[in-house]
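In what follows, a single structure is set out as C-alpha coordinates and then discussed.
The values are calculated or read from the model by the stated rules, or taken from the named source; none is laboratory data. Please read all numbers here as calculations on a predicted model, not as lab measurements. Every residue, glycine as well, gets a Cβ built from its backbone with ideal geometry; the counts of neighbours run over all protein chains shown.
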Amino acid sequence: MTTRTVILETAAELLAQSATGDISTRAVCEAAGVTQPVLYRHFGDKDGLLAAVADRVWGEYLSSKRAAESSADPLDDLRSGWDNHTAFALRHPHAYRLVFASTLATRPAAMAEAMSLLQGILHRLAAQGRLRIPAADAARVVMAANSGVALGLILRPEEYPDASASGTTRDAVLGSLVIDGAPEHDPVAAAAITLTTRLGSAEAFTPAERSLLAEWLQRLA
(Lines give C-alpha, C1' and ligand atoms only; values in the text may rest on other atoms or scores of the structure.)
Protein backbone atom coordinates (compact mmCIF):
# COMPACT_ATOMS: atom_id res chain seq x y z
CA MET A 1 0.00 0.00 0.00
CA THR A 2 1.45 3.37 -1.00
CA THR A 3 1.90 6.27 1.39
CA ARG A 4 -0.73 8.22 -0.52
CA THR A 5 -3.25 5.39 -0.12
CA VAL A 6 -2.52 5.10 3.60
CA ILE A 7 -3.14 8.83 4.05
CA LEU A 8 -6.35 8.68 2.01
CA GLU A 9 -7.79 5.69 3.86
CA THR A 10 -6.88 7.19 7.22
CA ALA A 11 -8.45 10.53 6.32
CA ALA A 12 -11.60 8.79 5.05
CA GLU A 13 -11.95 6.87 8.32
CA LEU A 14 -11.45 10.01 10.41
CA LEU A 15 -13.96 11.92 8.29
CA ALA A 16 -16.59 9.20 8.71
CA GLN A 17 -16.04 9.22 12.48
CA SER A 18 -16.06 13.00 12.80
CA ALA A 19 -18.98 14.58 14.62
CA THR A 20 -18.64 17.85 12.69
CA GLY A 21 -17.54 16.69 9.25
CA ASP A 22 -14.13 18.31 9.65
CA ILE A 23 -10.71 16.76 10.20
CA SER A 24 -7.30 18.28 10.84
CA THR A 25 -4.21 17.47 8.84
CA ARG A 26 -2.36 17.01 12.13
CA ALA A 27 -4.78 14.27 13.21
CA VAL A 28 -4.51 12.57 9.81
CA CYS A 29 -0.72 12.63 9.94
CA GLU A 30 -0.61 11.22 13.47
CA ALA A 31 -3.04 8.41 12.61
CA ALA A 32 -1.29 7.60 9.31
CA GLY A 33 2.20 7.79 10.81
CA VAL A 34 3.49 10.45 8.40
CA THR A 35 4.72 14.00 8.74
CA GLN A 36 2.78 17.00 7.49
CA PRO A 37 5.33 17.77 4.73
CA VAL A 38 4.66 14.28 3.35
CA LEU A 39 0.91 14.89 3.34
CA TYR A 40 1.33 18.25 1.62
CA ARG A 41 3.67 16.76 -0.95
CA HIS A 42 0.96 14.31 -2.00
CA PHE A 43 -2.13 16.56 -1.74
CA GLY A 44 -0.92 20.15 -1.82
CA ASP A 45 -3.03 21.37 1.10
CA LYS A 46 -5.99 20.42 3.25
CA ASP A 47 -8.51 21.22 0.50
CA GLY A 48 -6.61 18.93 -1.87
CA LEU A 49 -6.72 16.15 0.72
CA LEU A 50 -10.46 16.56 1.36
CA ALA A 51 -11.22 16.63 -2.37
CA ALA A 52 -9.25 13.39 -2.81
CA VAL A 53 -11.07 11.81 0.14
CA ALA A 54 -14.44 12.77 -1.33
CA ASP A 55 -13.49 11.27 -4.68
CA ARG A 56 -12.31 8.07 -2.99
CA VAL A 57 -15.56 7.60 -1.06
CA TRP A 58 -17.66 8.56 -4.06
CA GLY A 59 -15.59 6.26 -6.27
CA GLU A 60 -17.08 3.15 -4.66
CA TYR A 61 -20.60 4.43 -5.27
CA LEU A 62 -19.91 5.52 -8.84
CA SER A 63 -18.21 2.24 -9.72
CA SER A 64 -21.43 0.40 -8.80
CA LYS A 65 -23.39 2.75 -11.04
CA ARG A 66 -20.95 2.18 -13.91
CA ALA A 67 -21.32 -1.56 -13.55
CA ALA A 68 -25.12 -1.53 -13.26
CA GLU A 69 -26.98 -3.03 -16.21
CA SER A 70 -29.59 -0.83 -17.85
CA SER A 71 -33.18 -1.95 -17.47
CA ALA A 72 -35.67 -2.09 -20.32
CA ASP A 73 -37.15 1.24 -19.19
CA PRO A 74 -34.78 4.19 -18.58
CA LEU A 75 -37.42 5.77 -16.33
CA ASP A 76 -37.00 2.84 -13.93
CA ASP A 77 -33.23 3.46 -14.02
CA LEU A 78 -33.81 7.15 -13.32
CA ARG A 79 -35.97 6.41 -10.27
CA SER A 80 -33.49 3.83 -9.01
CA GLY A 81 -30.59 6.23 -9.55
CA TRP A 82 -32.36 8.92 -7.53
CA ASP A 83 -33.00 6.54 -4.62
CA ASN A 84 -29.42 5.23 -4.66
CA HIS A 85 -28.10 8.81 -4.67
CA THR A 86 -30.15 9.68 -1.58
CA ALA A 87 -29.15 6.45 0.19
CA PHE A 88 -25.47 7.17 -0.47
CA ALA A 89 -25.84 10.68 0.93
CA LEU A 90 -27.35 9.32 4.16
CA ARG A 91 -24.62 6.67 4.51
CA HIS A 92 -21.77 9.11 3.87
CA PRO A 93 -23.04 12.56 4.88
CA HIS A 94 -19.63 14.20 5.32
CA ALA A 95 -18.23 12.99 1.98
CA TYR A 96 -21.50 14.02 0.35
CA ARG A 97 -21.29 17.52 1.75
CA LEU A 98 -17.72 17.87 0.45
CA VAL A 99 -19.09 17.55 -3.09
CA PHE A 100 -22.38 19.44 -2.81
CA ALA A 101 -22.03 21.83 0.12
CA SER A 102 -18.42 22.90 0.57
CA THR A 103 -16.20 25.77 -0.50
CA LEU A 104 -13.10 23.71 -1.21
CA ALA A 105 -10.60 25.46 -3.45
CA THR A 106 -9.87 22.06 -5.02
CA ARG A 107 -13.12 20.68 -6.41
CA PRO A 108 -13.78 16.93 -6.21
CA ALA A 109 -14.13 15.26 -9.61
CA ALA A 110 -17.02 13.06 -8.48
CA MET A 111 -19.68 15.60 -9.42
CA ALA A 112 -18.72 15.58 -13.09
CA GLU A 113 -18.95 11.80 -13.37
CA ALA A 114 -22.22 11.64 -11.44
CA MET A 115 -23.69 14.19 -13.86
CA SER A 116 -22.37 12.27 -16.86
CA LEU A 117 -24.01 9.03 -15.70
CA LEU A 118 -27.28 10.86 -15.10
CA GLN A 119 -27.16 12.41 -18.56
CA GLY A 120 -26.71 8.96 -20.08
CA ILE A 121 -30.05 7.82 -18.66
CA LEU A 122 -31.79 11.02 -19.72
CA HIS A 123 -30.42 10.74 -23.26
CA ARG A 124 -32.06 7.31 -23.46
CA LEU A 125 -35.37 8.84 -22.44
CA ALA A 126 -34.95 11.68 -24.92
CA ALA A 127 -34.18 9.20 -27.71
CA GLN A 128 -37.57 7.62 -26.98
CA GLY A 129 -39.29 11.01 -27.21
CA ARG A 130 -40.23 10.92 -23.52
CA LEU A 131 -38.55 14.07 -22.19
CA ARG A 132 -40.40 17.37 -22.09
CA ILE A 133 -37.14 19.37 -22.17
CA PRO A 134 -33.66 18.68 -23.60
CA ALA A 135 -31.64 16.04 -21.76
CA ALA A 136 -28.91 18.47 -20.63
CA ASP A 137 -31.50 20.76 -19.01
CA ALA A 138 -33.30 17.81 -17.44
CA ALA A 139 -30.02 16.55 -15.94
CA ARG A 140 -29.43 19.88 -14.19
CA VAL A 141 -32.97 19.90 -12.81
CA VAL A 142 -32.76 16.32 -11.53
CA MET A 143 -29.32 16.77 -9.96
CA ALA A 144 -30.31 20.02 -8.27
CA ALA A 145 -33.49 18.51 -6.86
CA ASN A 146 -31.91 15.23 -5.79
CA SER A 147 -28.93 16.88 -4.10
CA GLY A 148 -31.19 19.51 -2.53
CA VAL A 149 -33.45 17.01 -0.81
CA ALA A 150 -30.44 14.88 0.19
CA LEU A 151 -28.79 17.88 1.84
CA GLY A 152 -32.08 18.68 3.56
CA LEU A 153 -32.17 15.19 5.06
CA ILE A 154 -28.56 15.55 6.23
CA LEU A 155 -28.49 19.16 7.44
CA ARG A 156 -32.11 19.70 8.54
CA PRO A 157 -33.31 16.42 10.06
CA GLU A 158 -35.85 18.30 12.16
CA GLU A 159 -37.53 19.49 8.94
CA TYR A 160 -37.10 16.11 7.17
CA PRO A 161 -37.61 13.46 9.88
CA ASP A 162 -37.54 10.55 7.40
CA ALA A 163 -36.45 9.74 3.87
CA SER A 164 -39.99 9.81 2.45
CA ALA A 165 -39.39 13.42 1.40
CA SER A 166 -36.93 12.11 -1.17
CA GLY A 167 -39.50 9.85 -2.82
CA THR A 168 -42.12 12.60 -2.85
CA THR A 169 -39.70 15.04 -4.45
CA ARG A 170 -38.54 12.41 -6.94
CA ASP A 171 -42.06 11.70 -8.14
CA ALA A 172 -42.91 15.38 -8.46
CA VAL A 173 -39.72 16.23 -10.38
CA LEU A 174 -39.76 13.24 -12.71
CA GLY A 175 -43.48 13.66 -13.29
CA SER A 176 -42.84 17.18 -14.56
CA LEU A 177 -39.99 16.11 -16.86
CA VAL A 178 -40.90 12.70 -18.22
CA ILE A 179 -43.78 11.50 -20.35
CA ASP A 180 -44.49 8.14 -18.71
CA GLY A 181 -45.29 6.04 -21.75
CA ALA A 182 -45.45 6.86 -25.42
CA PRO A 183 -45.62 10.60 -26.15
CA GLU A 184 -49.16 11.57 -27.11
CA HIS A 185 -49.82 15.20 -26.28
CA ASP A 186 -47.15 16.99 -28.31
CA PRO A 187 -45.44 14.73 -30.87
CA VAL A 188 -43.69 17.68 -32.54
CA ALA A 189 -42.01 18.72 -29.29
CA ALA A 190 -41.08 15.13 -28.50
CA ALA A 191 -39.53 14.71 -31.96
CA ALA A 192 -37.62 17.99 -31.60
CA ILE A 193 -36.16 16.89 -28.27
CA THR A 194 -35.17 13.53 -29.73
CA LEU A 195 -33.43 15.20 -32.67
CA THR A 196 -31.65 17.62 -30.33
CA THR A 197 -30.23 14.68 -28.41
CA ARG A 198 -28.80 13.15 -31.58
CA LEU A 199 -27.61 16.37 -33.18
CA GLY A 200 -24.14 16.25 -31.65
CA SER A 201 -23.21 13.19 -33.73
CA ALA A 202 -24.65 14.53 -36.99
CA GLU A 203 -21.53 14.81 -39.15
CA ALA A 204 -23.54 15.99 -42.17
CA PHE A 205 -23.72 19.50 -40.70
CA THR A 206 -21.05 22.11 -40.06
CA PRO A 207 -20.73 23.48 -36.50
CA ALA A 208 -22.59 26.63 -37.58
CA GLU A 209 -25.38 24.58 -39.13
CA ARG A 210 -25.68 22.40 -36.02
CA SER A 211 -25.89 25.51 -33.86
CA LEU A 212 -28.66 27.00 -36.01
CA LEU A 213 -30.60 23.74 -36.17
CA ALA A 214 -30.27 23.32 -32.40
CA GLU A 215 -31.81 26.76 -31.94
CA TRP A 216 -34.75 25.88 -34.19
CA LEU A 217 -35.29 22.54 -32.45
CA GLN A 218 -35.19 24.27 -29.07
CA ARG A 219 -38.03 26.54 -30.17
CA LEU A 220 -40.11 23.57 -31.27
CA ALA A 221 -39.38 21.75 -28.02
Q) Quick one: which of Leu122, Leu174, Leu155, Leu118 is surrounded by fewer than 20 Cβ atoms within 10 Å (Cβ to Cβ) and either touching a Pro at 6+ places or on another chain (Cβ under 9 Å) or under 20 Å from Arg66 (Cβ atoms) (or both)? A) Leu155
Q | Out of Leu49, Leu14, Leu98, Leu78, sole residue that is modelled with pLDDT of 95 or more, under 24 Å from Ala165 (Cβ atoms) and in a helix (DSSP H, G or I) | A | Leu78
Q) Within the set of pairs 6+ apart or on separate chains, which have a first residue in segment 142-166 that is farther than 21 Å from Ser116 by Cα and modelled with pLDDT under 95, a second that is assigned to a helix (DSSP H, G or I) and among the polar types (S, T, N, Q), and C-beta atoms under 8 Å apart? A) Ala163/Thr86
(Q) With the requirement that a residue be crowded, with 19+ Cβ neighbours inside 10 Å and in contact (Cβ under 8 Å) with a residue 24 or more places away in the chain, what does segment 24-49 give you? (A) Ala32, Leu39, Phe43, Leu49
Q: Could you check His185 against (1) farther than 23 Å from Phe88 by Cα; (2) surrounded by fewer than 16 Cβ atoms within 10 Å (Cβ to Cβ); (3) modelled with pLDDT of 70 or more and say which number it fails?
A: (3)
Q) Which pairs do you get when a residue that is in contact (Cβ under 8 Å) with a residue 12 or more places away in the chain, found in segment 58-84, comes within reach of a residue that is in a helix (DSSP H, G or I) and polar (S, T, N, Q), reach meaning Cβ atoms under 7 angstrom, with the pair 6+ apart or on two chains? A) Trp82/Asn146
**Q.** Top-ranked residue in segment 52-78 [being of a type in the set (Gly, Ala, Ser) and touching a helix residue (DSSP H, G or I) at 6+ places or on another chain (Cβ under 7 Å); ranked as nearest to Leu15 (Cα to Cα)]
**A.** Ala54
